[in-house]
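Notes for the one structure printed next.
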Amino acid sequence: NPEGNGRGEVGNSLVDRALAGGKDRKAAVEWLEAMWIEEADSPARKRDIRTRLAELYRVARKYERALELWSAVAEDADADVVERARACRGLANIYMRRLEFELAKESLGYCLALEIPDTVRAECLYDLAQTYAGLGDMDTAVVQFRSVLALSNIPESMRTLTVFMLADALDQKGDSDEALALFESIDGTYPNPKVVEQRIEFLQNKKKPAKK
């Protein structure tokens, strides 16, 4: 439908313009809601619009609407598995913000049950580790962070961030030696080097015998 495609392109342009610099999210939401109705005959386009809308509603803290939209994508058997996995992560993100950790774990469990590439699996496992850390279950958080690092083909930025979080969890568990070794392994590669330097210095001082 060339006419429909043309309207879709105009709508996308208007949404992008409204979102430029984060200026007018309300206008962007209104355009996307209108586009969602117009695209009734295009399931793929509707899924894309749902995902964009869900993220905007999340930012606006209109969590119920965001959950409704992401749930529709996550449960859509015709959607690409990566789309479904990212929708599950969107659901989990909101549940974590609302401290509904069991629901977050359930959503991420659905994500991990999908046949997804390692890069996406790493994101789901990382979020799951964060969920357990939020619950104070550092033992399971450590297991999940290690699961991320066991995957191949994950971006170096994700690997570095996971090493930092694993080191932090181990430090909280009292395993200072491995935590120190891990922090030292990312000294110079972590985006905020000062934070890593401070953690290394703290753990090194911790190992020094107390002065008499």
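General observations
- Extension gain from V81 to K173, taking 0.36 nm per residue of separation minus the Cα-Cα distance: 29.6 nm
- Judged by the ratio a/c of the largest to the smallest principal axis of the C-alpha gyration tensor, region 95-152 counts as oblate, that ratio being 1.5 or greater while a/b is no larger than b/c.
- Percent accessible area from carbon and sulfur atoms, region 164-206, protein chains only, probe 1.4 Å: 47
- Qualifying trypsin sites (Lys or Arg not before Pro) in region 64-102, where qualification requires a DSSP coil assignment and no more than 13 other C-beta atoms within 10 Å, comprise R98.
- Measuring nothing but alpha carbons in region 100-212 and taking Rh as the Kirkwood radius, the Rg to Rh ratio lands at 1.03.
- Cα-Cα separations in region 46-166 greater than 25 Å, expressed as whole percent: 21
- Computed from phi, the 3J(HN,Hα) profile of region 94-108 under the Karplus parametrisation 6.51, -1.76, 1.60 (θ = phi - 60°) reads 5, 4, 5, 4, 8, 6, 9, 5, 5, 5, 4, 4, 5, 4, 6 Hz, with x in place of Gly and Pro.
The values are calculated or read from the model by the stated rules, or taken from the named source; none is laboratory data. Please read all numbers here as calculations on a predicted model, not as lab measurements. All Cβ positions, even for glycine, are placed from backbone atoms using ideal geometry, and neighbour counts span all protein chains on display. Note: areas computed on protein heavy atoms with side chains; ligands, DNA, RNA excluded. Shrake-Rupley method; radii C 1.70, N 1.55, O 1.52, S 1.80 Å.
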